[in-house]
Structure formats: structure tokens, C-alpha cells
1. Taking region A:52-86, which residues are closer than 22 Å to residue A:156 by Cα and within 16 Å of ligand 1 (Cβ to nearest atom)?
2. Consider residue A:100 against the criteria (1) touching a helix residue (DSSP H, G or I) at 6+ places or on another chain (Cβ under 6 Å); (2) within 13 Å of another protein chain (Cβ to nearest Cβ): it satisfies all of them except one. Which criterion is unmet?
3. Please find, within region A:159-168, the residue that is least open to solvent (accessible area, probe 1.4 Å) out of those that are part of a loop (DSSP other than H, G, I, E, B) and touching a Ser or Thr at 6+ places or on another chain (Cβ under 7 Å).
4. Of A:217, A:191, which residue is over 15 Å from the mean Cα position of the chain (by Cα), within 16 Å of ligand 2 (Cβ to nearest atom) and of a type outside the set (A, V, I, L, M, F, W, C)?
5. Can we say residue A:234 is outside the structural domain of residue A:311 (by TED's automatic domain parsing), at pLDDT below 90 and of a type in the set (D, E, K, R)?
6. Given the conditions (1) charged (D, E, K, R); (2) over 20 Å from residue A:215 (Cα atoms); (3) within 12 Å of ligand 2 (Cβ to nearest atom), and given that residue A:65 satisfies all but one, which numbered condition is not satisfied?
7. For residue A:61, are the conditions met, namely being surrounded by fewer than 19 Cβ atoms within 10 Å (Cβ to Cβ) and either assigned to a loop (DSSP other than H, G, I, E, B) or within 14 Å of chain B (Cβ to nearest Cβ) (or both)?
8. Suppose we filter B:100, B:135, B:139 for residues that are within 9 Å of chain A (Cβ to nearest Cβ) and hydrophobic (A, V, I, L, M, F, W, C); which single one remains?
Amino acid sequence: MISFRNVDVKFETDKGVVHAVRNVSFTIEKESVFGVIGASGAGKSTLLRTINGLEKLASGEVAVDGNIVNRLSSRQLREHRERIGMIFQHFNLIASRTVAQNIAYPLKIAEKGRAFIETRVDELLKLVDLEDKKHAYPAKLSGGQKQRVGIARALANHTKILLCDEPTSALDSETTRVILQLLRQLSQELGITIVIITHELDVVSAICDKVAVMSEGRLVETGSIYDVFTSPREEYTKKLLDTRYDFSIPEEILEKIRRVNTEQGRYWKIVRLDYIGEGANEPVISRASKRFDTEIDVIHGKIEYIQGKPYGRMYVSVCGERTETEKTLACLAGQVRSIETLYEAS
Amino acid sequence: MSNRFSFVNALRGALLETAYMVSLSLVISIVLGTLLGYCLYATSNRYLMPNRYANSIIGFTVNMVRSMPFIILLVAVLPLSKVVAGTMVGPKAIILPLVISSTAFFSRLSESAFRGVNKGVVEYALSAGANNAQIFFTILLPEAGSTLISAVTVATIALLGSSAMAGTVGGGGVGHFAISYGYERFQTRILLVCIAVLAIIVQVIQFIGDLAARRADKS
Ligand SMILES: Nc1ncnc2c1ncn2[C@@H]1O[C@H](COP(=O)(O)OP(=O)(O)OP(=O)(O)O)[C@@H](O)[C@H]1O
Ligand SMILES: [Mg+2]
């Protein structure tokens, strides 16, 4: 378990003090995959690096399995770091060493025996499926392969904690998918705790159990990703999530709906529906349009599955007689999580 | 110097003296310069040995030495040679000023070679639990390897030049040879031979240095 208690981190710079992390407290459970999201400069990397003591605290406490990181002597700190793996956005492989030598590096630092290192390196190469690249230099590898070397290297010392600072931000979407799947699989098979920093919400929804949202050094909210994604409590989180689901109805479509309905003398409304949980699977719309004398058109819709549970957002237009339209909307409102009117007949 | 045989012998002797001066001071100044370069790098790195004052003091001292033309440094340091090497003339006496000058030069070259090492890799090594000595030997030296080899090449050629200059104060070597025969005795042909020999030596050093640097570069 990793716990943060009133953590503050400050940087002294020529232009004054930068307060990068402000009074952050939360815990990360053992064997979970924990995401930290937030805008650039929010303090995510800084917070992550307090876990292995790369950043010093101005005040507060970071504890890993009961050991208080900020009170370790420099020797204890080095031993602490040997037990924690770290992977990076730009991989940070040692260019003058082959794949096998890169993977062996942390084992050498931990002063493991030669024979042990050799068998362990082969094990790890197999784990990340890079046996054929054993003697290649990093310059000859693709981004995905480099990150797999990074992962193998980070796990070499049978580490139980893996810190990931934007591990997929330099990778294309297909490679991202493969790497995330590998991380997820490793966390389950090896029972490791993964802390993953990202600004890509897709990464979080793909593999995390829980998420913390940071903004300007502060922790704005934390919870299961389903809860945070589907019912964000803080304004900041809402905005962040809105950019993910955001869709603006094209002006031409809007104009057409307006014109057609005005010509036919019908009342209309365009609403945004948020589905959550089981409701997302049910034919809410087709049922409503059968029950009432209205026309319901889906303009745009997206349903996704977070931790296996559906969550969706849909933009629909409802047209018909005024009272029928209102009845339809009331019916819909009872079956979805939220409904918001975006445009209506004037 | 009419006798071709004695000329070749004298030139060979001068070359051996130069080789002695350059190689000995090169080895010493590479070791010292690399350590000093590491100090310059590490004292300005927030993870290694951050220390603004130490960094300024070392930097200032290095700059002082570097700002002195070698010929001035030479005459200023020669009295010290008497203490260290027991003599103020000959190749032995020249080694000390050569080492001082070349160390200062190489410390800046190696500092910049270390700065060229990907910072992320140093951070990775720290995250794996490496200590400062391990960072130096297992990350900085090998990762800067190719750049350091080029730096050695540059320093060797600079030393060759400085050692020739030392000939003017009785330092021996090719410089001394060229000046006492070619310049003071107006034997232009000897001067030309010296120039040709030095030119070939420099080309060879550069060639070997480039080859070795390319070999060391894995990127
Ligand atoms: N070594 C440093 N010296 C001075 N300021 C720093 C240092 N490292 C980070 N900062 C500052 O601390 C703040 C938080 O930085 P941090 O790198 O933790 O943000 P981040 O959330 O990881 O951002 P990004 O998504 O861009 O990586 C920023 O304002 C940054 O400028
Ligand atoms: Mg960051």
C-alpha cells in the first residue's frame, strides 16, 4: 500500500518557489492499477516521484508498505528504489547497452550473482516477448519494443510496485493498446501495484481500477474510475471529461431541424442524454418513440464500457406536438441518468 | 646537420621526447579532467551532488587556467616544476604545465560530454537504486563514450601543439628541434620536414580518434 499524507513539494527556482504538489492525501491499495490524471504542469510526475524518493517533500509523509520514504537514509533509499520499478514516456533505455544488458542493469545494481542474472534476464525477455532482440541495441528497436524492455527492466528485481510516467504517450494507438494490455496482464499475474500517470483518459479507462485527478498541485478528486468518469463531482473533472465526450452539433444539421420543423409547424428539442449502468443497454429510445406520437432521431451517440459497465452519451432530437414532446422527454428523463436540453424551438 | 643519418636520428629522438611528453600528460590530464568534468556536472545536477558554490569555484578556477595563453602558463608554472619534477628544463619539466593546461581543457570537454547524456537515463539509473559512483561508471562514462573519445582526440592534438610550444623554453621534442634547427639556423628544409611529420601525426590521430568514436557510438 502506498499512502500520501499532506504531501507538499516545492521547487526553488531562479524565478521563485514553485509549489508543485499541495497538501495531497490519498492511498493506493496493494495490487491495484491506479491512474493519476490532470493537465500539464498539474504536478503528476512530481507526485509519482515522491514514491521512490526522487523528489523530496517540503512537508507531509509518503509511506510504502509502512516505510516512510521521506525518512529513509540514503542507503535505505537506494534499497527502497531497488524494490520499485519505473518506466518513462521516452523509455530512457541505456543506449550503450544491449537489450539483455539493459534488463540486467538493475540486477547488477542490486549485486545479484552472474548466473542468477543470466537466467532472470531470459525469463524477463520471455515475459515481454523479446527473446529475438536479446542482443540488439535500443536504437534498433521500435517504440513498443523499447517500452517492453523498459517494463522488463523495471520488473527485474521482482518488484511489487511499478511507477509509470506517461508510458504510452510516445506510442501509436495500436502499440498503446498492446502495452496497456501487457501492463494489465502483469498486474494480475504477478500481483503488482501499478501507478500510472497519463493525460490520456483512454489509458485510464482501459486499465485503471481507481483514479486520482490533479489540478494545479492539488488532488481534486479520487475514486473508482467508473464513479469518477460517470459522475464527476468537481468542476475541473467535469471539464476534463467533457473534452472526452464533447460533441458539437454541426450548424447545418441544426439549421435543417429548425427549418423542417418550423415548416411543418412542429415543436422540437435537442437534448443530451447520459446513460449509466444497465440503462445504457435498454432500448430506451425506441420504446419512448413507440409510446408517444413523436419522432426521435439520434444525432450522435457513444457508449463505452468502463470496468465492464456501460456508460454512454447520446444527442437526440425529439419532434412533434408540444405536449407529446414534453411527455416523451419526461419519460426519457426517468430512464437515463441525466438529460439536458441543448436547443429548442423558439 | 649535413649528415642525413644524424638528422634522422635527431628527429627520431625529438619525436620520442614529444611522444613521452604528450602521452604522459595526456593520460594524467584525461583522468584528472574527467573527474573535474564530473564534478562540474554533478554539482549542477539536482540529483547527484547539487552544490552551487562548489560548482562556481571549480568553474572559476578552470576558466582562469583556460584564459591563460599556454606560453604564459608555461613560464608561470616552470618554477613549480622544479619542486615537482626536480628540474626546470627538458621534457620532464614540461609535463606539469602541460597537465595543468590540458586538465582544464579536458574538464570542460568532458563536462559537456556528460551534459550530452540523456538526463532521463540518469534518472532511470537513480530510480533503479544506483549510487553516484555507479552513475559515473555505468551510465555517464559509457553513454558519453563516443563524445569522450572525440574529446580525447581533440585534447591530444592540442597537447601536441602545446608541447611544441614548450620547445621554446628548452622543453625538447619536435618543437624544440624545429625551432633550434629550422628557425634559429635557417634550415628551411628541416622546418618543412617537421611540419610534414607533425601534419601526418595529426591526421593519423584524428583518423584513429574518429574511427574509435564511431565504433563506440551505438545510437
Ligand atoms: N526540477 C524542477 N524545477 C523547477 N520546477 C519544476 C521542476 N520539476 C517540475 N517543476 C514544476 O512543477 C510543476 C509540476 O510539474 P510536473 O512535471 O510534476 O507536472 P506534470 O503534471 O507531470 O505535467 P506534464 O503532464 O506536463 O508532465 C510545474 O509547474 C513544473 O514547472
Ligand atoms: Mg509529467
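1. Once the filter is applied, which keeps residues that are closer than 22 Å to residue A:156 by Cα and within 16 Å of ligand 1 (Cβ to nearest atom), region A:52-86 yields A:52, A:53, A:54, A:86.
2. Among (1) touching a helix residue (DSSP H, G or I) at 6+ places or on another chain (Cβ under 6 Å); (2) within 13 Å of another protein chain (Cβ to nearest Cβ), residue A:100 violates only (2).
3. A:168
4. On the way: A:191 fails: within 16 Å of ligand 2 (Cβ to nearest atom).
Of the residues listed, the single one that is over 15 Å from the mean Cα position of the chain (by Cα), within 16 Å of ligand 2 (Cβ to nearest atom) and of a type outside the set (A, V, I, L, M, F, W, C) is A:217.
5. Numbers: outside the structural domain of residue A:311 (by TED's automatic domain parsing): yes; at pLDDT below 90: yes; of a type in the set (D, E, K, R): yes.
Answer is yes for this residue.
6. For residue A:65, the exception is condition (3).
7. Values: surrounded by fewer than 19 Cβ atoms within 10 Å (Cβ to Cβ): yes; either assigned to a loop (DSSP other than H, G, I, E, B) or within 14 Å of chain B (Cβ to nearest Cβ) (or both): no.
The answer is no for residue A:61.
8. On the way: B:100 fails: within 9 Å of chain A (Cβ to nearest Cβ); B:135 fails: within 9 Å of chain A (Cβ to nearest Cβ).
Just one listed residue meets the conditions, B:139.
The values are calculated or read from the model by the stated rules, or taken from the named source; none is laboratory data. Here the structure is a predicted model, which means the values were calculated and not measured. Note: ideal-geometry Cβ built from the backbone for every residue, glycine included; neighbour counts use all protein chains shown. When the accessible area is computed, the model is the full protein with side chains, heavy atoms only, and any ligands, DNA or RNA have been set aside. Shrake-Rupley method; radii C 1.70, N 1.55, O 1.52, S 1.80 Å.
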